[in-house]
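The structure appears below as structure tokens.
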Amino acid sequence: QYLVLATTKLSLRPDEIIQMYGRRWQIECYFKVAKQYLQFDQTQIQSYDGLCGHLAMVMLSYDILALSQRENADERTLGDLFYDYGRPLPDIEVAKALDWLLKTITGLGERFEMMTDILDTIFDEFREALPSGLVRLLGNAK
């Protein structure tokens, strides 16, 4: 499969041309929705201020619809962060996760020069709140 796109800007790389076309396509989709569903071109307003207000309301309505679609149906969103967010994370054992958490808290406490007796109190209270099975799995993790 291949994609054929024409441009007059010869200085652009192929990936930049595709990105520009993608942005252009979003603009075309906006105008289609604005005209068909949001009465963008069906107004009787003749004053400049009234037309600006009508345009603002159409744009706001489109933004609300686009946001709703993105949150409910569209998995795309801003950047690769959300692609990674949508991927399943590797399974990690609860004991390893708790061990990592305890080590991280210890590291933060040392970084901010917390007294060791305060950290020990925090860990003791944390362990007391855990189920006994998890405490046995953790062993002497600190």
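The values are calculated or read from the model by the stated rules, or taken from the named source; none is laboratory data. These figures come from a predicted structure and were not determined experimentally. With ideal geometry, Cβ positions are generated from the backbone for all residues, glycine too; neighbour counts draw on all protein chains shown. Heads up: the accessible areas ignore ligands, DNA and RNA and are worked out on the full protein's heavy atoms, side chains in. Shrake-Rupley method; radii C 1.70, N 1.55, O 1.52, S 1.80 Å.
Within the range 11-52, track down each residue that is of a type in the set (G, A, S) and farther than 21 Å from L67 by Cα.
Step one: of the range 11-52, the residues of a type in the set (G, A, S) are 11, 22, 34, 47, 50.
S11, S47, G50 - these are the residues of the range 11-52 that are of a type in the set (G, A, S) and farther than 21 Å from L67 by Cα.
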Task: The lone exception for R23 - which of (1) within 29 Å of L3 (Cβ to Cβ); (2) open to solvent by less than 90 Å² (accessible area, probe 1.4 Å) it fails - done: (2)
Open item on the list: Looking at the range 36-56 only, could you name the residues that are under 19 Å from Q26 (Cα atoms) and assigned to a helix (DSSP H, G or I)?
Closed with: Q36, L55, A56
